[in-house]
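All remarks here apply to the structure that follows.
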Amino acid sequence: MKLGRLNHVGVATPSIENSLALYKTMFGAEPHGPAFDLPAQGVRVCFVDTPNSQIELIEPFGEDSPVQKFLEKNPLGGQHHVCFEVPDIHAAKAEFEAKGARVLGEPRVGAHGTLVFFVHPRDMGGVLTEIMETPAAA
Ligand code: CO
């Protein structure tokens with residue numbers, strides 16, 4: 001498997017609005033677009049562009065959001081996951097599993113409209129790792 005581009009760093013926050021205000025104050029950064037809900041993943045999302053990647057601000061959405069548990073341990077929010085691109089999502093999943101890594105669920109449509117899956121942090125040196133099929137336009 002070829003490790004692709006770092007697509008984004010996921011940052012959990014209790015308030016996307018407050019985080020956007022912080023990025024604007026500290027960096028003069030603007031959101032890539034409006035925040036949107038991903039009910040299947042239990043998150044509300046907003047991206048901030050950097051010259052070589054993006055920050056994905058994620059806020060809990062609905063009940064039993066995985067981000068809610070993270071925020072209970074980290075009330076201020078914090079770095080939640082990193083996301084790398086791969087050319088073929090199904091091949092990547094098979095390869096992770098063949099190497100004994102725990103893939104969390106089946107590939108599903110992520111925030112960029114392409115298929116993603118997550119690899120358990122215990123099998124990635126403590127880092128929750130999102131694998132994303134490279135968006136066609138990239
Ligand atoms: Co992500």
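Every number in this text was worked out from the coordinates using simple rules, so none of it is lab data. Here the structure is a predicted model, which is why all the values come from computation and not from measurement. In this analysis, Cβ positions are derived from the backbone assuming ideal geometry, glycine residues included, and neighbour counts consider all displayed protein chains.
For region 67-138, the set of chymotrypsin sites (Phe, Trp or Tyr not before Pro) satisfying both a DSSP loop assignment and a count of at most 14 other C-beta atoms within 10 Å is empty.
Annotation note: trypsin sites (Lys or Arg not before Pro) in region 43-132 located in DSSP loop regions with a Cβ neighbour count of at most 16 within 10 Å are LYS99, ARG102. To the nearest ten degrees, helix 89-98 and the longest principal axis of the Cα atoms of the chain are 70 degrees apart. Across region 116-133, the residues whose backbone nitrogen lies under 16 Å from the label position 7 Å along the beta-carbon direction of LYS99 are 117-133.
In the chain, the inverse of the mean reciprocal separation of distinct Cα atoms equals 15.4 Å; this is its Kirkwood hydrodynamic radius. Compared with the alpha-carbon gap, the fully stretched path from THR50 to GLN79 is longer by 8.9 nm at 0.36 nm per residue. Using Cβ point charges alone (K and R +1, D and E -1), the dipole size of the chain about the Cα centre works out to roughly 320 debye. Computed from the C-beta positions of PHE36 and ASP88 and an R0 of 25 Å, the FRET efficiency is 0.40 to the nearest 0.05.
What is the helix-to-structure angle for 16-27, meaning the angle in degrees between its Cα long axis and the longest Cα principal axis of the chain, kept from 0 to 90 and rounded to the nearest 10? The angle comes out at about 80 degrees.
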